[in-house]
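S.K.: The structure follows.
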Amino acid sequence: MAPAPIVELQGVVKSYGAAVALKRLDLLVRAGEFFTLLGPSGSGKTTTLRLIAGFERPDTGRILLDGADVADLAPHLRHVNTVFQDYALFPHLTLVENVAYGLRARKMPKAQAHDEAEKALAAVKLDAFAGRKPAQLSGGQRQRVALARAMVNKPRVLLLDEPLGALDLKLRHQMQAELKKLQHDTGITFIYVTHDQDEALSMSDRIAVFSHGEIEQVGTPFELYERPASAFVADFVGSSNLWDSMLLRPEKVRLLAPAAPVPAGFEARPGVVREAVYLGAVTRFGVMLADGRALSVMEANTAPRAERLRLVPGDEVLALWPVEACVRISNNNEGEV
Amino acid sequence: MHPLKAWSSFVWRRGWAATGALLALPGAWFAGLYLAAIGAMFVTSFWSVDPLSGTLIPGFSLGNFQALLSDPIYTKIALRTVGIAASVTVTDILLAWPVAYAMVRLAGPRLRAVLMAAVMVPLWSSYLARVYAWRLILAHNGVLNWALIEIGLPRLHIGYSNWAMWIVFSYLWLPFMILPIAASVERIAPSLLEASSDLGETGLRTFRRVVLPLALPGMVAGAIFTFSLTLGDYVTPMLVGGEGSDFIGNVVYSNVGVTNNIPFAAAYAVLPLGVMAGFLLIARRLGAFDAL
C-alpha cells in the first residue's frame with residue numbers, strides 16, 4: 001500500500017494581477033517522499049512551494065496538510081518549515097539563536113532551546129561556530145545553518161526552495177548527497193524546488209515537471225527520462241533528439257564505421273560527423289544523417305583511447321541504436337507509458 | 001602627458017589621493033568652521049564680562065558655571081528642554097513606526113508615492129509658517145477649541161504651554177523620524193519576515209524579534225534628529241510656549257542679544273553638547289552603529 005498523502009493541492013489557482021502563475025493545479029505528495037518540483041523559472045514551482053508554506057494564498061482551491069485544509073492558515077500555524085533560497089538567516093542573531101528561533105517561538109525554555117539548537121548545529125558540523133553571526137560564515141555553512149534551523153522543529157514537511165542554487169558545483173554535489181541522506185535518515189517529507197534537472201534526477205523519489213503554471217508530468221526519475229509524457233519534459237529532462245513525436249536519447253546511439261554490420265533489433269542510419277566535443281567523461285557528437293535530420297550523440301569515454309574510433313568532423317559514420325530506444329511521446333499531459 | 005591624464009594616473013596609482021581630493025574642502029570646512037567654533041565656544045565659557053564696561057575678560061573662571069548651578073531657574077530650564085526633547089523623541093518614534101512600516105512594506109507603489117510626498121511636503125514650507133499655523137490652532141480661541149465646542153466638549157487650555165511645545169515639536173520633526181526608519185525597514189530582506197513566520201512567530205512577535213532590532217540604527221538616527229533639533233530650538237518656545245517656558249536656546253539668545261554676556265551664553269550652550277554626547281554614547285551601547 002502506498003504511504004498516506006501528506007500534502008495535497010486540489011484545483012489550486014493563483015494569479016498576480018493579470019499574470020496567471022498557476023492554472024488549476026492538482027498535486028499529491030506522500031508521507032516520507034523526496035518530492036521535487038522541477039521547471040524553468042516562471043513555471044510556477046516556487047509559487048507552489050510558497051502556497052504550501054503559507055506565504056501566498058490561492059485564489060481558489062484547497063491545500064491539504066495531513067488531510068486538513070490549511071489554505072486560510074497563516075504560515076506560523078502550519079507544521080511545515082522552509083529552507084530559503086537566500087537562507088534568510090537573521091543577521092543580528094548568533095547561529096545558536098538562529099537555530100533556536102523556532103523552538104523559542106513555541107515557548108520552549110531558553111536553556112533547553114539552546115541545547116537543542118547546539119545539537120542541531122552539531123549534526124551539520126557547525127557546533128564550533130555556535131556563537132558566531134551569519135555574516136562570518138561561508139555560503140555552504142549558511143546553507144547548513146538554514147537547514148538545521150528548519151529541521152530542529154521536526155516539521156511534518158520540509159520545503160526547500162532551490163537551497164543549493166548559490167553554491168559551487170562541487171559543494172552542490174556534496175550537499176545533494178547530504179540532503180538525500182538526511183531525508184532518508186529522518187523520514188521527513190521533503191518538497192524540493194529546483195530548475196536543475198541533474199539535481200532533480202539524482203535526489204528525488206518522484207518529480208513534478210512544471211511548465212507555464214501547469215504540471216506536465218509527475219513520475220519517478222526513470223519514468224520522466226525514459227518515458228517522457230511530452231516533448232517539453234523530454235527536452236527539459238536530459239538532452240534529446242526529438243523528431244516529430246519520436247524521442248531518442250543521445251547516449252543510446254553508437255557511432256560505427258560506415259560499413260559496419262547492423263545487428264538484429266537495431267536501427268542504423270548513415271551520416272556525417274559535423275561536430276565532436278570532448279567533455280571528459282563523454283564525447284558529444286553532432287551528426288548530420290543522410291536523410292537530413294540532425295542527430296546528437298553522447299558516447300562514454302570508457303574504452304582505452306587507442307581502441308575508440310577517432311572521429312573528427314567530416315568523417316562518415318553509421319549511427320546505430322536499439323529499436324526500443326526510440327520512443328513515441330504524445331504532446332499532452334496523459335502521456336503514453 | 002596631458003595634465004588631466006597625468007593626474008588621473010597619479011590617482012590610479014595612489015588610492016589615497018582621490019580620497020584626499022574629495023575630502024579636502026568639506027574637511028577644511030568641518031575643522032576650520034565647525035570644530036573651531038565649538039572650541040571657541042568652549043574656551044569662551046570660562047571667560048567673564050566686566051559688569052560696568054561690558055568688555056570681555058579672557059581667562060579661566062568657573063564663575064559662569066557656578067552662576068548656572070546656583071540659580072534653580074537654569075536647572076529648571078535645562079530639565080524642561082531635555083524633558084521635552086525626550087518626550088518629542090518618544091512620541092515621534094511611536095508615530096513614525098506605523099507610517100514608515102506601511103509605506104515601505106504594505107503600500108503599493110502608488111500609495112507609497114503619496115505617503116512619501118505627504119511626509120516630505122511639509123519640509124518644503126517655511127518652519128515659521130508652520131509654527132504660526134499651530135499657534136492659530138492651539139490658541140484660546142483657535143481652531144482646536146472652536147472644534148471642541150462645536151461638538152460639545154469643553155475647551156482645552158494648552159495654548160502657550162509645555163503641551164503646545166510638545167505637540168508642535170513632535171509635528172515639526174516627525175519626517176526626520178519617519179524617513180530613516182523607513183530606509184532601515186526597507187533594507188530588511190522580506191525573506192527574513194517570512195522565515196520568522198515560517199518558524200512559528202506571529203506578526204507582532206516577528207516585529208519585536210526581527211524588525212525592531214534590525215531597524216534600530218534607523219530609529220537611533222531619527223532620534224538623534226528629533227532630540228537634537230528640539231534641544232537646540234528657541235523659536236518654537238518663543239512662539240507657542242508663551243511666558244515661563246524658556247528653553248536653553250532662549251537663555252542663550254537673550255544673553256547674546258540682550259544682555260550681551262557671551263561667556264555666560266557659551267557656558268549654558270555647553271550643556272546640550274554634553275547631553276548629546278551622552279545620548280550618542282548610549283546609542284552606541286545599544287549597538288545602533290554596529291551596522292554602519
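The values are calculated or read from the model by the stated rules, or taken from the named source; none is laboratory data. In this text the structure is predicted, and so the values were computed from the model without any measurement. Don't worry about glycine lacking a Cβ; one is built from the backbone with ideal geometry, like all the others, and counts go over all protein chains shown.
S.K.: If you check A:ALA113 against the conditions, is it within 13 Å of another protein chain (Cβ to nearest Cβ), of a type in the set (A, V, I, L, M, F, W, C) and buried (at least 16 other Cβ atoms within 10 Å of the Cβ)?
M.R.: On the way: within 13 Å of another protein chain (Cβ to nearest Cβ): yes; of a type in the set (A, V, I, L, M, F, W, C): yes; buried (at least 16 other Cβ atoms within 10 Å of the Cβ): yes.
Yes.
S.K.: Turning to a different aspect of this structure: Under the condition of being out of contact with any Gly (no Cβ under 7 Å at 6 or more places or on another chain) and over 12 Å from B:VAL210 (Cα atoms), which residue from the stretch A:82-95 is farthest from the other protein chains (Cβ to nearest Cβ)? Step through it out loud before you land on a result.
M.R.: The first filter runs over the stretch A:82-95 and keeps only residues out of contact with any Gly (no Cβ under 7 Å at 6 or more places or on another chain), leaving A:82-84, A:86-93, A:95.
Those still in the list that are over 12 Å from B:VAL210 (Cα atoms) too: A:82-84, A:86-87, A:95.
Working: A:THR82: 5, A:VAL83: 10, A:PHE84: 5, A:ASP86: 6, A:TYR87: 8, A:LEU95: 14 Å.
Going through the qualifying residues, I end up with A:LEU95.
S.K.: Consider B:VAL99 carefully, then state whether it is in a helix (DSSP H, G or I), under 20 Å from the mean Cα position of the chain (by Cα) and closer than 24 Å to B:ALA215 by Cα.
M.R.: On the way: in a helix (DSSP H, G or I): yes; under 20 Å from the mean Cα position of the chain (by Cα): yes; closer than 24 Å to B:ALA215 by Cα: yes.
In short, yes.
S.K.: Now a separate question. Step by step: first the residues of the stretch A:61-118, then only those that are at pLDDT 95 or above and among the polar types (S, T, N, Q), then the one that is nearest to B:ARG208 (Cα to Cα). Which residue is that?
M.R.: That would be A:ASN98.
S.K.: To continue, here is another question. Being closer than 22 Å to A:GLY165 by Cβ and either surrounded by fewer than 22 Cβ atoms within 10 Å (Cβ to Cβ) or small (Gly, Ala, Ser) (or both) is the filter here, so list the residues in the stretch A:91-110 that pass it.
M.R.: A:PRO91
S.K.: Regarding A:PHE55, is this residue modelled with pLDDT of 95 or more, farther than 12 Å from A:THR189 by Cβ, aromatic (Phe, Trp, Tyr) and surrounded by 16 or more Cβ atoms within 10 Å (Cβ to Cβ)?
M.R.: Working: modelled with pLDDT of 95 or more: yes; farther than 12 Å from A:THR189 by Cβ: yes; aromatic (Phe, Trp, Tyr): yes; surrounded by 16 or more Cβ atoms within 10 Å (Cβ to Cβ): yes.
Criteria met by A:PHE55.
S.K.: In addition: Among the residues of the stretch B:1-54 satisfying the criterion of being touching a residue at least 24 places away in the same chain (Cβ under 8 Å) and not aliphatic (A, V, I, L, M), which is farthest from B:LEU273 (Cα to Cα)?
M.R.: B:GLY54
S.K.: If you check A:ALA166, A:ALA148, which single one turns out to be modelled with pLDDT of 95 or more and either in contact with a Pro (Cβ under 7 Å, 6 or more places away or on another chain) or within 14 Å of chain B (Cβ to nearest Cβ) (or both)?
M.R.: Numbers: A:ALA166 fails: modelled with pLDDT of 95 or more.
On inspection, the qualifying residue turns out to be A:ALA148.
S.K.: Just checking, does the stretch A:136-145 include any residue being in contact with a strand residue (DSSP E or B) (Cβ under 9 Å, 6 or more places away or on another chain) and either under 13 Å from A:LEU89 (Cα atoms) or within 14 Å of chain B (Cβ to nearest Cβ) (or both)? Full working, then the answer.
M.R.: Step one: filter the stretch A:136-145 for residues in contact with a strand residue (DSSP E or B) (Cβ under 9 Å, 6 or more places away or on another chain), giving A:143.
Still in the running and either under 13 Å from A:LEU89 (Cα atoms) or within 14 Å of chain B (Cβ to nearest Cβ) (or both): A:143.
Yes - at least one qualifying residue is present in the stretch A:136-145.
S.K.: Looking at (1) under 14 Å from B:LEU172 (Cβ atoms); (2) of a type in the set (Gly, Ala, Ser); (3) surrounded by 14 or more Cβ atoms within 10 Å (Cβ to Cβ), which one does B:ALA107 not meet, given that it meets all the others?
M.R.: (1)
S.K.: Residues that are more than 14 Å from every other protein chain (Cβ to nearest Cβ) and crowded, with 22+ Cβ neighbours inside 10 Å: which helices (runs of 4 or more DSSP H) entirely in the stretch B:149-261 hold 2 or more of them? Outline the logic, then answer.
M.R.: Values: elements: B:162-186, B:190-198, B:203-206, B:212-231, B:248-257.
Passing ranges, in order: B:162-186, B:212-231, B:248-257.
S.K.: How about the stretch B:177-232: which of its residues are in contact (Cβ under 8 Å) with a residue 40 or more places away in the chain and polar (S, T, N, Q)?
M.R.: B:THR226, B:SER228, B:THR230
S.K.: Kindly indicate whether A:LEU158 is within 19 Å of A:VAL7 (Cβ to Cβ) and touching a residue at least 40 places away in the same chain (Cβ under 8 Å).
M.R.: yes
S.K.: Report, by residue number, each residue of the stretch A:43-70 that is without any contact (Cβ under 8 Å) to a residue 24 or more places away in the chain and more than 14 Å from chain B (Cβ to nearest Cβ).
M.R.: Result: A:ALA68, A:ASP69.
S.K.: Which condition breaks for A:LEU201 when tested against (1) surrounded by fewer than 19 Cβ atoms within 10 Å (Cβ to Cβ); (2) within 14 Å of another protein chain (Cβ to nearest Cβ)?
M.R.: It is condition (2) that A:LEU201 fails.
S.K.: State which residue pairs qualify: first residue assigned by TED's automatic domain parsing to the domain that holds A:PRO322 and inside the stretch A:259-273, second residue of a type in the set (Val, Ile, Thr) and in a strand (DSSP E or B) in any location, beta carbons under 8 Å apart, and separation of 6 or more residues or different chains.
M.R.: Pairs found: A:PRO270/A:VAL317; A:GLY271/A:VAL287; A:GLY271/A:VAL317; A:VAL272/A:VAL287; A:VAL272/A:VAL317; A:VAL273/A:VAL287; A:VAL273/A:VAL317.
S.K.: I'd like to know if the stretch B:132-147 contains one or more residues that are free of Cβ contacts under 8 Å to residues at least 40 places away in the same chain and closer than 24 Å to B:ILE224 by Cα.
M.R.: Residues of the stretch B:132-147 free of Cβ contacts under 8 Å to residues at least 40 places away in the same chain: B:133, B:136-137, B:139-147.
Restricting the remaining residues to those that are closer than 24 Å to B:ILE224 by Cα gives none.
Within the stretch B:132-147, none of the residues are free of Cβ contacts under 8 Å to residues at least 40 places away in the same chain and closer than 24 Å to B:ILE224 by Cα.
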